[in-house]
Amino acid sequence: GKEITLLMQTLNTLSTSEEKLAALCKKYAELLEEHRTSQKQMRMLQKKQSQLVQEKDHLQSEHSKAILARSKLESLCRELQRHNRTLKEEGVQRAREEEEKRKEVTSHFQVTLNDIQLQMEQHNERNSKLRQENMELAERLKKLIEQYELREEHIDKVFKHKELQQQLVDAKLQQAQEMLKEAEERHQREKDFLLKEAVESQRMCELMKQQETHLKQQLALYTEKFEEFQNTLSKSSEVFTTFKQEMEKMTKKIKKLEKETTMYRSRWESSNKALLEMAEEKTLRDKELEGLQVKIQRLEKLCRALQTERNDLNKKVQDLCA
């Protein structure tokens with residue numbers, strides 16, 4: 001839990017999803033290296049364990065041989081004791097006749113008995129040494145078993161940590177997909193709105209052009225009428241003044257319409273520019289989406305490879321436990 005909290009804090013400090021994915025990949029590579037190192041250590045310990053088991057079997061066989069030799073020596077000693085008693089009985093019967101022979105046999109028997117006792121003492125010392133070595137080997141084997149159990153617990157913790165990291169990567173990928181989908185929907189709505197506004201601006205611009213054409217025609221008509229009124233100015237000065245006022249009003253109206261036409265044209269041009277920018281941004285977003293989809297496919301392959309490796313490791317651990 002502490003490592004996951006540190007990983008989440010590290011990811012929160014990063015700004016872009018590419019940096020977060022790079023950090024996750026780096027963390028996964030470090031964990032994979034640690035896992036491989038632990039696997040190497042585990043294989044070395046298993047090799048040492050097999051060697052110790054072989055040494056133990058060899059020592060047990062030596063110990064059994066020593067016990068067998070000891071039993072043979074004990075049987076030989078009993079046989080010698082029986083033979084001694086027999087010789088003593090015969091010696092009592094033949095004491096007088098074979099005194100010198102009995103002394104020789106007794107001396108020879110004593111030397112043989114001393115040799116046998118010396119060999120028995122040597123075998124007893126060797127047996128005690130073998131017993132001490134067996135106890136030490138048993139202690140070492142116990143320590144190795146404890147270390148192997150601790151290593152198995154550590155491997156289980158590493159597996160759990162990798163599963164949590166995989167869940168975190170899946171959640172991040174799902175969140176990134178949702179954010180991309182939401183951004184595409186928002187860009188589509190903005191694009192539709194700008195298209196509608198551009199169409200409306202174009203329609204208003206065409207309408208203003210039509211009005212401008214119509215007003216120009218009226219202006220030409222009024223100009224002709226003004227020339228006619230100038231010719232007939234001597235006839236009606238009051239009509240000329242009224243016509244001049246109307247001309248001034250029409251000129252102001254034309255200027256106002258020209259300003260509105262310019263404004264709508266500028267709005268139409270800005271709408272077209274915004275539409276082009278939205279198209280370029282959509283192209284960039286599509287490229288980013290393709291890149292993220294490629295990264296997502298790579299991460300999915302990596303996750304499948306991790307799952308396969310985890311299953312293989314679980315199977316190996318189960319085989320080792322069995």
| If you scan the range 109-128, which residues turn out to be open to solvent by 100 Å² or more (accessible area, probe 1.4 Å) and more than 17 Å from ARG78 (Cα to Cα)? | GLN122, GLU125, ARG126
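Table: residues versus (1) at pLDDT 80 or above; (2) among the charged types (D, E, K, R).
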{"site": "GLU227", "(1), (2)": "no, yes"}
{"site": "THR241", "(1), (2)": "no, no"}
{"site": "LYS259", "(1), (2)": "yes, yes"}
{"site": "GLU269", "(1), (2)": "yes, yes"}
{"site": "LEU284", "(1), (2)": "yes, no"}
{"site": "LYS295", "(1), (2)": "yes, yes"}
{"site": "ARG304", "(1), (2)": "yes, yes"}
{"site": "GLU309", "(1), (2)": "yes, yes"}
| message | Could you tell me how many of the residues in the range 72-90 are under 17 Å from GLU125 (Cβ atoms) and either out of contact with any His (no Cβ under 9 Å at 6 or more places or on another chain) or free of Cβ contacts under 8 Å to residues at least 40 places away in the same chain (or both)? | response | 1
| query | Any idea which of LYS295, LYS273, LYS256 is assigned to a helix (DSSP H, G or I) and in contact (Cβ under 8 Å) with a residue 40 or more places away in the chain? | reply | LYS295
| task | Tally the residues that are small (Gly, Ala, Ser) and either outside any helix (DSSP H, G or I) or modelled with pLDDT of 80 or more (or both), restricting the search to the range 81-103. | result | 1
| said: Out of the residues in the range 11-20 meeting the condition of being in contact with a helix residue (DSSP H, G or I) (Cβ under 6 Å, 6 or more places away or on another chain) and either in a helix (DSSP H, G or I) or basic (Lys, Arg) (or both), tell me which one is farthest from ARG151 (Cα to Cα). | reply: SER17
| field | Residue that is modelled with the lowest pLDDT [pool: residues in the range 155-170 that are more than 14 Å from LEU306 (Cα to Cα) and loosely packed, with under 14 Cβ neighbours inside 10 Å] | value | ASP156
| Got a sec? Which of ASP115, ASP57 is within 30 Å of ASP319 (Cβ to Cβ) and charged (D, E, K, R)? | ASP57
| Only one of THR283, THR251, THR261, THR241 that is assigned to a helix (DSSP H, G or I) and within 18 Å of VAL199 (Cβ to Cβ) | THR261
| field | Complete set of residues in the range 189-207 that are in contact with a helix residue (DSSP H, G or I) (Cβ under 7 Å, 6 or more places away or on another chain) and either at pLDDT 75 or above or over 29 Å from SER266 (Cβ atoms) (or both) | value | MET204
| task | Would you mind stating whether ALA66 is at pLDDT below 90, of a type in the set (A, V, I, L, M, F, W, C) and surrounded by 12 or more Cβ atoms within 10 Å (Cβ to Cβ)? | result | yes
| field | Matching option when the condition is open to solvent by less than 70 Å² (accessible area, probe 1.4 Å) and over 30 Å from LEU118 (Cβ atoms), among LEU45, LEU6 | value | LEU45
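The values are calculated or read from the model by the stated rules, or taken from the named source; none is laboratory data. Predicted model, so just to flag it, every value in this text is computed and none were measured. Because the Cβ atoms are built from the backbone with ideal geometry, glycine has one as well, and the counts that use them run over all protein chains shown. Surface areas here come from the heavy atoms of the whole protein model, side chains and all, with no ligands, DNA or RNA. Shrake-Rupley method; radii C 1.70, N 1.55, O 1.52, S 1.80 Å.
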